[in-house]
Amino acid sequence: MTFEQAQALLTKKGQTQLLKYYDELDAQGKENLLTAIENINWDFEAALANPVDMSGKDRDIKPIAGLRQAQIQAKKAEFEAIGVEAIKAGKVAAVLLAGGMGTRLGVDGPKGAYDIGVTKPLYIFEQQMKNLMEVTQKCGVIVPLYIMTSDKNHAQTTSFWKEHGYFGYPEMEVKFFKQEMAPAVDYDGKIILERKDTPALSPNGNGGWFGSLKAAGLVEDLHARGVEWLNIYAVDNVLQRIADPVFVGATIDSGVNCGAKVICKTNPYEKVGVLCMDGTQPDIIEYYELTDEMANQKDENGDLAYCYGAIMNYLFRLSKLEEIADKKIPVHIVEKKIECLCEDGVTRKPEKENGKKFETLAVDLIKPMGSVLPFEVVREKEFAPIKNKTGVDSVESARELLKGNGVEL
Ligand code: UTP
């Protein structure tokens, strides 16, 4: 793209502030900026013009049926046999969503490279791979693993895995792909400059993972291997069970397009989004959208009717994902602290929120998938998220939970 082309485009878009320092840049800087402008994904304009209605007021929300622990335990052997058979037949692959920036944890580099060990190093990636390898050893087959990164952490992530010998997994079974980036804007909708030659870009949320997998040519790879189910999981839960045969078996057995591991809410006001139905479609309702009445509503067994909190561990049917691949999912606008170029020419992270980022969420895929099975897991055994350094959902709380499950730290 030439300077004139960039100027014409940005004038049309009302974003000429991106060229403010163009004349000060050297040849490389000019090229960087023009390339970045050419690659801007303009989807955010539509999101700003028509923000997603988060109120849920036009929805027909009802509780959703799921499998509780007692039901799962009663059919455990049957589900497990179905799951093991599918895994052995190579029908299950795992997809780790690790493109996030882990800002709350406040570390540079990939969150999965964080050392949660006490007496010896234990990286988040490593602990998750130990969990996965329990399944591969049991089934006697390797589950192919696809890892989503972003421009912000790709090089560090791939070199970390290489350096650590892929945590004992065969290198050829681990494939990396990058997610897309979206611009960050100020409160007037103007794209923020991070440096004189760099617009502020950040990973566009975890909802676009399938499009990115496809763009990287990896869907062909899945077909070539005969994969039918994709187990998506987040990098931050160190008790995560990946390709869990019982979960795989229960999802296949139920005939749905998607299984979702869930934890049951411990009180009506727990701050977690819950799975529900919207008319005939499965959906998610955020805790702040539940009315008092809904939050306290009980089912026929006296349990909370809206209780299934999703924990970012889903099993998606590949054929359905391909069918819905072109459907748009909502773009959420989130206020964040965005690193920006200050008046004095220095790039800094502000003390408080200074703009908006645009993100799609994997959970929003549940609706177009058309059907979902909420599958209850025991919280203390499978849910140890690391979002913060201390306090709730932190390194500290995850360490306690790991210890409680016999993991040596
Ligand atoms: P979170 O919502 O916790 O975001 O991601 P995060 O970026 O890791 O952390 P904060 O909010 O900046 O503190 C849940 C999962 O989704 C992945 C993360 O890597 C994590 O596994 N994710 C998130 C992506 O893969 N891409 C994204 O753009 C955002």
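The values are calculated or read from the model by the stated rules, or taken from the named source; none is laboratory data. Everything quoted here is computed from the prediction, not taken from an experiment. Please note: Cβ atoms are built from the backbone with ideal geometry, for glycine as well, and neighbour counts cover all protein chains shown. These area figures cover heavy atoms from the full protein model, side chains too; ligands, DNA and RNA do not enter into them. Shrake-Rupley method; radii C 1.70, N 1.55, O 1.52, S 1.80 Å.
Observations on the structure shown:
- Enumeration of residues in region 122-161 that are of a type in the set (A, V, I, L, M) and either part of a helix (DSSP H, G or I) or more than 24 Å from A89 (Cβ to Cβ) (or both): L122, I124, M129, L132, M133, V135, M148, A155
- Region 1-54: number of residues that are assigned to a loop (DSSP other than H, G, I, E, B), open to solvent by 50 Å² or more (accessible area, probe 1.4 Å) and without any contact (Cβ under 8 Å) to a residue 60 or more places away in the chain: 6
- Residue list for region 394-409, filter: open to solvent by 60 Å² or more (accessible area, probe 1.4 Å) and either under 26 Å from T103 (Cα atoms) or not polar (S, T, N, Q) (or both): E396, R399, E400, K403, G404, G406, E408
- Boolean, L315 is modelled with pLDDT of 95 or more, assigned to a helix (DSSP H, G or I), on the phi < 0 side of the Ramachandran plot and surrounded by 18 or more Cβ atoms within 10 Å (Cβ to Cβ): no
- Positions within region 342-369 being open to solvent by 30 Å² or more (accessible area, probe 1.4 Å) and touching a residue at least 24 places away in the same chain (Cβ under 8 Å), in sequence order: G345, T347, N354, K356, E359, L361, K367
- Contact annotation: residue pairs with Cβ atoms under 6 Å, 6 or more positions apart or on different chains, pairing a residue in region 198-210 that is hydrophobic (A, V, I, L, M, F, W, C) with a partner that is within 11 Å of the ligand (Cβ to nearest atom) and assigned to a strand (DSSP E or B), are L201/M181; W209/L97; W209/M148.
- Listed conditions (1) on the phi > 0 side of the Ramachandran plot; (2) more than 14 Å from the ligand (Cβ to nearest atom) are all met by G106, apart from (2).
- The number of residues in region 318-341 that are within 16 Å of the ligand (Cβ to nearest atom) and either in a loop (DSSP other than H, G, I, E, B) or open to solvent by 70 Å² or more (accessible area, probe 1.4 Å) (or both) comes to 7.
- Of the helices (runs of 4 or more DSSP H) contained entirely in region 205-304, those carrying at least 1 residues that are surrounded by 23 or more Cβ atoms within 10 Å (Cβ to Cβ), within 16 Å of the ligand (Cβ to nearest atom) and modelled with pLDDT of 95 or more fall at 209-215.
- Search result, residues across region 87-116 that are over 22 Å from the mean Cα position of the chain (by Cα), exposed (fewer than 15 other Cβ atoms within 10 Å of the Cβ) and part of a loop (DSSP other than H, G, I, E, B): A89
- Qualifying residues in region 156-186 (those that are more than 16 Å from the ligand (Cβ to nearest atom) and under 16 Å from G109 (Cβ atoms)) - the one surrounded by the fewest Cβ atoms within 10 Å (Cβ to Cβ): E163
- Residue-level check: of (1) assigned to a strand (DSSP E or B); (2) under 19 Å from the mean Cα position of the chain (by Cα); (3) not hydroxyl-bearing (S, T, Y), E194 misses just (2).
- Total residues in region 368-409, condition within 16 Å of the ligand (Cβ to nearest atom), in contact with a helix residue (DSSP H, G or I) (Cβ under 6 Å, 6 or more places away or on another chain) and among the β-branched types (V, I, T): 2
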